[in-house]
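> If you scroll down you'll find the structure; I have some questions about it.
The values are calculated or read from the model by the stated rules, or taken from the named source; none is laboratory data. Keep in mind that this is a model prediction, so the values were computed, not measured. Methodologically, a virtual Cβ is constructed for each residue, glycine included, from the backbone with ideal geometry; neighbour enumeration extends over all protein chains shown.
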Amino acid sequence: MYSLAEEVSLSTVAATATATGHHMLKIKGYSRLQKLHGNCSAVVSVEFQAAGHTWKIAFYPNGAREEDAGFVSVILQLAGNVAAETAIVAEYELDLVHHQDGGPSKHKVEGTGTFRVGNSWGYPKFISKKALERSAFLKDDCLAVHCKIRVIEESVSKEEVVQAQDLERMGLVCPDDDACKRHAVSTAKLTIEDLEMTFVRFAMFLCG
């Protein structure tokens, strides 16, 4: 083992889903709501709990913006008593429920956003009104939007023990062969720049 191995440390930055939740928004009397709510006007779900936070869904039957006229918009918003500085990173999926056979949706969109008070994420052009009205998603003037939310958190941790295979990838541990031992002699004279490049190579193969 090289003497440099004693100076090696490893930290891991991870983004993991800490909680997942679902909500179903049912729209009954779609054609009437479309007449009542013009462009930029929404019907809004009740506030609901999912993935440890409070949310609501805004459904725009004639589009959320002027440029979305001709489309249905579906927007997810953070709700409840949330501090202004709070930022929630979440993955979200929005899909239309297929009435015909109850099988998997054929119209699903997904994304990732940082949710704060006053902002929202979703799809202004979720589906065109023409496509919706001739689809099996609309039945008896009723449709349903399924929303899935995963809250993502980042964490940084220091590894107490650097694994042998990670050291070997850096060239800091040698198997018992002459070629590697000869390499060890030259590597023992690494400059600071060489060591930095070694760490770069290490990072490239860390997840291999």
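> In the range 44-60, which residues are closer than 17 Å to TRP121 by Cα, part of a loop (DSSP other than H, G, I, E, B) and in contact (Cβ under 8 Å) with a residue 40 or more places away in the chain?
ALA51, the sole residue that qualifies.
> Could you grab me the full set of residues in the range 61-75 that are part of a strand (DSSP E or B) and crowded, with 22+ Cβ neighbours inside 10 Å?
Hits for the range 61-75 are PHE71, VAL72, SER73, VAL74.
> Here is a list of conditions, (1) over 18 Å from VAL151 (Cα atoms); (2) part of a loop (DSSP other than H, G, I, E, B); (3) in contact with a strand residue (DSSP E or B) (Cβ under 8 Å, 6 or more places away or on another chain), and HIS98 meets all of them except one; can you say which number that is?
If we test HIS98 against (1) over 18 Å from VAL151 (Cα atoms); (2) part of a loop (DSSP other than H, G, I, E, B); (3) in contact with a strand residue (DSSP E or B) (Cβ under 8 Å, 6 or more places away or on another chain), just (3) comes out false.
> Is there a residue being among the hydroxyl-bearing types (Ser, Thr, Tyr) and modelled with pLDDT of 95 or more anywhere in the range 28-35? Full working, then the answer.
Step one: filter the range 28-35 for residues among the hydroxyl-bearing types (Ser, Thr, Tyr), giving 30-31.
From what's left, modelled with pLDDT of 95 or more: 30-31.
The answer is yes, given that some residue of the range 28-35 is among the hydroxyl-bearing types (Ser, Thr, Tyr) and modelled with pLDDT of 95 or more.
> Right, here's the next one. Every residue in the range 76-95 that is farther than 17 Å from PHE48 by Cβ and in a loop (DSSP other than H, G, I, E, B), please.
Scanning the range 76-95 gives ALA83, ALA84, GLU85, THR86, ALA87.
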